[in-house]
Amino acid sequence: MEPFALQRALDNVRATAPLVHNITNYVTVNDCANALLAIGASPIMSDEPADVEDIASICGGLTLNIGTLNERSIQGMFAAGERASELGHPIVLDPVGAGASVLRTRTAGDLLDKLAVSVIRGNMSEVKALAGGSAATRGVDVCPDDAVCEDNLAAGAAFARAFAAKTGAVVAITGAIDIVADAERAYAVRNGSPLMGRITGAGCMLSCVCTAFAVANPGATLDAMAAAVAGMGLAGQVAQNRMSGYDGNGSFRTYLLDALYNLDGAALEAGAKVEQLA
Amino acid sequence: MEPFALQRALDNVRATAPLVHNITNYVTVNDCANALLAIGASPIMSDEPADVEDIASICGGLTLNIGTLNERSIQGMFAAGERASELGHPIVLDPVGAGASVLRTRTAGDLLDKLAVSVIRGNMSEVKALAGGSAATRGVDVCPDDAVCEDNLAAGAAFARAFAAKTGAVVAITGAIDIVADAERAYAVRNGSPLMGRITGAGCMLSCVCTAFAVANPGATLDAMAAAVAGMGLAGQVAQNRMSGYDGNGSFRTYLLDALYNLDGAALEAGAKVEQLA
Amino acid sequence: MEPFALQRALDNVRATAPLVHNITNYVTVNDCANALLAIGASPIMSDEPADVEDIASICGGLTLNIGTLNERSIQGMFAAGERASELGHPIVLDPVGAGASVLRTRTAGDLLDKLAVSVIRGNMSEVKALAGGSAATRGVDVCPDDAVCEDNLAAGAAFARAFAAKTGAVVAITGAIDIVADAERAYAVRNGSPLMGRITGAGCMLSCVCTAFAVANPGATLDAMAAAVAGMGLAGQVAQNRMSGYDGNGSFRTYLLDALYNLDGAALEAGAKVEQLA
């Protein structure tokens with residue numbers, strides 16, 4: 001990665017304040033909106049099929065998150081995705097719970113097949129389920145066997161690169177160690193905090209933030225995703241360092257948004273632990 | 001405005017604890033409920049057509065917020081609104097994203113035409129779109145050209161009064177400077193904080209709070225809306241003053257609710273910057 | 001109750017990290033998810049009829065909360081509930097707003113009739129409406145006449161035991177004093193804070209937490225519910241003790257989650273005020 005690539009990616013988000021259209025679950029949607037505002041973007045949520053084409057048209061990119069999907073919102077995802085694809089807007093797909101139900105696995109697969117998806121962001125179990133390589137799942141959590149660690153990092157990166165080659169999307173697999181890959185290159189990102197797994201929505205927020213980074217950095221999606229993933233991880237570290245006394249996951253959630261809000265390009269460049277793998 | 005009109009308006013909310021029925025978007029609905037509780041009211045959310053008439057009947061007022069509208073919830077808005085209209089309950093309309101999509105502009109317009117709307121609360125772009133005077137929009141944000149400032153305040157107030165005269169509703173247009181008007185009078189409110197635009201939901205919360213103020217102050221809707229708008233703005237100022245160190249928009253959101261919770265009539269009367277315009 | 005029964009109940013939740021499927025309202029769903037994570041469980045939300053059977057199958061228990069119910073989610077509740085019943089998974093029913101609308105009262109009653117409900121958790125007005133004994137309601141709040149106090153505690157406990165006997169469910173009625181009962185025994189729980197009524201979601205969070213406790217403590221549902229109710233109440237007390245200066249209901253919400261997160265079995269055993277009634 002070129003020097004200052006991460007810094008530039010974040011600076012571009014803050015300088016351009018991209019409008020991001022999100023069709024996402026109702027569990028973490030408020031945090032998603034506040035995370036986009038924290039990072040300097042502007043969120044719009046719309047999932048009604050009769051509304052989404054207009055909204056997609058005025059936005060710069062689209063997040064499709066299948067948590068709490070329903071028949072109507074699935075139609076909205078396809079309609080919004082087709083419009084975004086026509087307009088050449090980046091689409092980030094978050095296959096929440098793929099592998100946990102037939103509907104989720106199939107919907108995520110169909111979205112990937114029919115739309116011009118730019119980025120796939122999930123945990124290893126979800127991305128494996130999407131790739132057809134695994135049926136095991138623990139709901140919306142990663143299966144212990146799938147967790148990325150130093151021992152299986154090379155294999156995980158090879159899987160991510162192969163899936164990126166097959167789909168044409170950048171693949172971002174997040175966990176204790178994150179993997180961000182396209183067909184040619186893979187990065188390991190070692191930022192983050194275990195407390196991010198003790199709140200709901202860290203992954204959902206990241207997917208929306210990825211969309212903002214993709215919109216603001218056309219032609220540099222891989223590096224932009226490394227910046228988004230490292231940035232969210234760094235915010236998690238800052239939030240963890242702020243924990244004290246009676247604090248728990250309620251405070252951590254607030255601190256995480258605060259840290260995203262205060263993250264600047266220089267701090268990201270200095271704090272990011274991004275390693276290019278073979 | 002009479003002395004103590006603002007104080008009395010808030011005291012009436014806290015003394016009567018109005019039940020407020022809200023059909024609102026799923027992005028900020030939790031903050032809306034907590035904002036109503038903070039100001040001393042009691043929230044109920046219900047959008048299913050088969051449920052809303054009963055709920056509207058036991059409440060004192062209705063908030064209709066069209067963010068994340070869908071076909072079912074639109075039906076619910078009309079059914080609830082017709083019942084509330086029959087009962088003479090105040091209805092506050094928040095045309096979130098009017099101008100950003102045909103569905104939103106049309107739905108907001110239809111609600112305004114068919115229901116006895118007491119208050120319209122939005123940003124200038126949304127209210128202009130509702131009034132048919134502008135097609136420009138920046139999603140759910142105000143267009144830069146529409147932002148109210150000292151230079152265009154008189155024109156904005158004239159627009160608000162004319163739209164109030166046409167619709168019979170009090171018009172509350174919020175931004176850097178807020179305008180609250182009926183057909184005869186217009187107020188400028190200069191409370192608030194730029195940080196309110198860095199969280200999602202400040203406008204949605206205000207619309208719900210407006211409903212509580214309208215219910216608790218029958219026959220004094222204009223002054224009650226000035227009190228609600230100034231109160232929310234003053235809460236924003238208190239929240240901003242509390243920011244320090246690592247705080248960001250996560251903390252600001254919490255502080256805003258806290259400030260609403262602690263706002264009392266005397267502090268509102270003392271801190272409100274409400275100016276009657278020509 | 002045996003010594004250490006409460007401690008053991010919580011320790012079992014933290015040791016087993018149960019997966020909990022929740023069909024719940026969109027107002028407080030984020031707090032419900034974070035409350036489950038705080039207590040050591042893992043939440044999944046899914047309400048689409050075509051999705052819920054798969055999700056119910058991989059989880060250990062199911063929460064059915066009828067706030068913001070709609071026709072689709074009601075179908076989802078029955079489909080999920082039938083699958084959970086087949087699998088012998090505990091189902092916790094939260095009849096939010098029963099008595100406030102025909103749809104809510106009827107839906108809660110039908111769920112109770114047709115599913116193997118393990119626990120009913122609501123305020124006294126809601127539980128009375130569900131039992132057919134009262135039509136009075138104040139929306140989602142308890143009616144003043146229904147509030148449990150020392151004077152009517154014995155009568156409330158008798159009602160709870162009778163309703164438990166009729167339904168086969170443990171009945172948890174929460175308020176200033178909480179009642180937890182099965183057909184044979186009733187407990188009064190005197191933990192809690194009045195501030196829990198100044199945020200939205202304290203009851204909804206508790207219902208989800210009850211499901212986690214029921215899953216983790218098979219064959220000991222009554223004591224597990226006493227532990228869940230006392231635990232949430234104790235968390236409320238800890239949160240209240242942390243309030244200072246400018247804090248309001250925004251901070252209290254955060255503190256409540258934090259306190260749940262930090263609650264351990266020994267603290268629960270020491271702080272719980274659980275009294276067995278006649």
Extend 7 Å from the Cα of C:Ile58 along its Cα-to-C-beta direction; within segment C:202-222, residues with backbone N under 11 Å of that point are none
Of all C-alpha pairs within chain B, those more than 23 angstrom apart amount in percent to 46 percent
If unit charges are put on Cβ atoms (+1 for Lys and Arg, -1 for Asp and Glu) and the dipole of the protein assembly as shown is taken about its Cα centre, the option from B:Cys149, B:Val180, B:Leu62 lying farthest towards the positive end turns out to be B:Cys149
The equivalent-ellipsoid semi-axes of segment B:186-278, taken as the square roots of five times the Cα gyration tensor eigenvalues and listed largest first in whole Å, are 24, 14, 12
Rg from C-alpha atoms of segment B:157-240, normalised by the globular rule of thumb 2.2 N^0.38 Å, equals 1.05
Per GNM of chain A with C-alpha springs under 10 angstrom, the most fluctuating residue out of A:Gly40, A:Gly250, A:Gly132 is A:Gly250
Normalised Cα Rg of segment B:139-193, dividing by 2.2 N^0.38 Å with N its residue count, works out at 1.08
In Å, the Kirkwood hydrodynamic radius from C-alpha pairs for segment C:166-209 sits at 11.6 Å
With +1 on the Cβ of every Lys and Arg and -1 on the Cβ of every Asp and Glu, the dipole magnitude of chain C about its Cα centre, in debye rounded to the nearest 20, is 300 debye
Of every Cα-Cα pair in the protein assembly as shown, the percentage lying beyond 53 Å is 8 percent
Quick calc, the protein assembly as shown, dipole around Cα centre from Cβ unit charges on Lys, Arg (+) and Asp, Glu (-), nearest 20 debye, gives 460 debye
With Rh as the Kirkwood radius over Cα pairs, segment C:75-176 has Rg/Rh of 0.98
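Helices from chain C with mean Kyte-Doolittle at least 0.0 and a Cα length along the axis of 27 Å or more, per DSSP H: which?
C:221-241
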Relative contact order as a percentage, chain B, C-alpha pairs under 8 Å and 6+ apart, gives 22 percent
For segment C:126-191, listing GluC sites (Glu not before Pro) in a DSSP loop whose Cβ sees at most 15 other Cβ atoms within 10 Å gives C:Glu184
Taking R0 as 51 Å and r as the Cβ-Cβ distance between B:Asp151 and C:Gln75, the FRET efficiency 1/(1 + (r/R0)^6), rounded to the nearest 0.05, comes to 0.40
Per the rotation taking chain A to chain B, min distance Cβ-to-axis on chain A (residue, whole Å) equals A:Tyr26, 3
Excluding near-sequence neighbours (fewer than 8 apart on one chain), the protein assembly as shown holds lysine pairs with C-alpha atoms under 27 Å apart numbering 12
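If N is the number of residues in segment B:1-152, what value comes out of its Cα radius of gyration divided by 2.2 N^0.38 Å?
It is 1.08.
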For segment C:45-112 (alpha-carbon point model, no solvent) the Debye-based log₁₀ I(q)/I(0) at q = 0.28 Å⁻¹ works out to -1.26
Under the 7 Å Cα-to-Cβ spin-label approximation, C:Ala278 and B:Leu87 lie apart by a distance in nanometres of 4.1 nm
Largest fluctuation, C:Ser85, C:Ser193, C:Ser251 only, Gaussian network model of chain C with Cα springs under 10 angstrom, belongs to C:Ser251
Given B:103-110, B:265-272, B:254-261, the highest-first ranking by average Cβ count within 10 Å works out to B:254-261, B:103-110, B:265-272
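Computed from the coordinates by the stated procedures, all read-outs in this text should not be read as laboratory data. All values reported here derive from a predicted model rather than from experimental measurement. All Cβ positions, even for glycine, are placed from backbone atoms using ideal geometry, and neighbour counts span all protein chains on display.
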